[in-house]
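Accompanying notes for the structure given below.
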Amino acid sequence: MLKKSLITLFCSIFFISCFPFQQKEEQNSISAGMKEIKKGAAWYNRGCYNRSLNSFIKANEFFSGEDSSNGVAMSLNNIGNSYRAIGNLKKAEAFLKEAYQIYSEIKNYEGMLQALSNTAALLIENGKQAEALKTIKQADKISKDNNIIFTPLLNIKAAVMIKKNKHNKAEQLLNIALQKAKKEASEYAAANCLLAEIMIKKKEYDSALKYLDTALTVDKKNGFYKGIAEDLEKIAQVKSATGEKREAVSYLKRSGKIYALIGKEKKCLEIISSIKNLAKETDTDITITKHFINKWLKKELFENSCE
């Protein structure tokens with residue numbers, strides 16, 4: 001059997017801000033700051049977190065020069081997410097806190113919810129459950145007071161519910177998220193991914209695969225490498241649970257190679273361990289997969305997608 005990942009690490013529930021405010025009507029073209037935000041979001045989706053960080057910092061400089069508080073806050077939120085992705089959790093939390101502060105000053109409630117949702121996800125991921133619950137409660141109040149249904153927050157709350165085995169409540173929240181989120185949005189993929197986790201726990205594997213197929217389709221359209229790797233890994237778990245071991249190996253091989261390309265060494269080691277166990281059962285040769293994973297983890301690439 002495959003090892004189950006912690007729910008907070010399995011579905012990507014951190015969100016990059018791209019368009020939290022309207023550009024001024026008199027502008028005929030997108031601002032320099034927004035160009036950098038879009039570049040940064042693309043780098044982030046490809047797992048190029050240092051490149052995304054550079055673009056978001058440039059965006060912050062442009063927005064600061066324009067005295068655009070919305071833009072500054074948006075770039076700070078994204079800088080925080082990039083720092084989290086590269087493992088600097090202290091800086092991540094500090095930038096998200098500053099983003100929330102600026103959004104609060106200008107009364108951008110959706111921005112406030114964005115920053116708080118990402119902060120809560122960061123705290124959950126690092127085992128600070130009590131602090132995370134306080135942050136979620138704070139976000140909940142803003143949501144209710146301003147009559148805003150914020151789908152990333154629903155996903156965060158559902159992840160907490162799943163962790164507590166409150167599956168029915170989590171499912172209710174996620175179904176609302178599916179109704180409200182845009183079908184091409186990252187939070188739509190995350191809601192499907194989380195619903196799949198519930199279905200797996202209920203052993204409703206056909207339903208789990210449908211949700212995972214949807215999540216995989218959305219993540220592929222968005223070019224979100226980490227999301228794709230997570231979806232493939234979870235499909236492999238379902239295939240293994242239903243006795244389709246050879247198919248499980250195939251999905252794991254695809255997942256592991258993506259994790260290697262984005263430099264997730266710890267995850268790759270977990271995947272390789274699972275592949276080895278299943279490969280023995282199915283008499284599958286994984287020599288070439290291990291070759292590429294080891295090569296890519298060492299950054300031995302003919303064309304580095306992050307350059």
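A short reminder: the numbers here are calculations on the coordinates, not readings from a lab. Computed from a prediction, not measured in an experiment: that's the story for all the values here. Here the Cβ is made from the backbone with ideal geometry for all residues, glycine too, and neighbour counts use every protein chain on show.
Data overview
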| read-out | value |
| --- | --- |
| Ascending count of other beta-carbon atoms within 10 Å, so fewest first, for H167, H291 | H291, H167 |
| Expected 222 nm ellipticity per residue - DSSP helices of 4 or more, -39500 (n - 2.57), all of the chain, to 500 | -24000 deg cm²/dmol |
| Helix axis angle, 265-282 relative to the chain longest principal axis, alpha carbon, degrees | 30 degrees |
| Helix 186-201 vs. the chain, principal-axis angle (Cα, 0 to 90°, nearest 10) | 40 degrees |
| Candidate aspartates and glutamates for bridging to K220, where Cα separation is under 18 Å - those fewer than 8 sequence places away on the same chain excluded | E184, E187, E230, D231, E233 |
| Likely footprinting exposure, Y103, Y109, Y83, fewest C-beta neighbours within 10 Å first | Y109, Y83, Y103 |
| Folded to 0 to 90 degrees: helix 129-145 orientation relative to the chain principal axis, Cα | 50 degrees |
| Point-charge dipole on Cβ atoms (K/R +1, D/E -1) for the stretch 151-223, about Cα centre, debye to 20 | 260 debye |
| Low-density loop positions, trypsin sites (Lys or Arg not before Pro), the stretch 83-123 - DSSP coil, at most 13 other Cβ in 10 Å | K107 |
| Relative exposure of S207, S12, judged by other C-beta atoms within 10 Å (fewest first) | S207, S12 |
| The stretch 57-171, dipole about Cα centre (Lys/Arg Cβ +1, Asp/Glu Cβ -1), debye to the nearest 20 | 680 debye |
| Prolate/oblate/rounded label for the stretch 70-224 (Cα gyration tensor, a/c 1.5) | prolate |
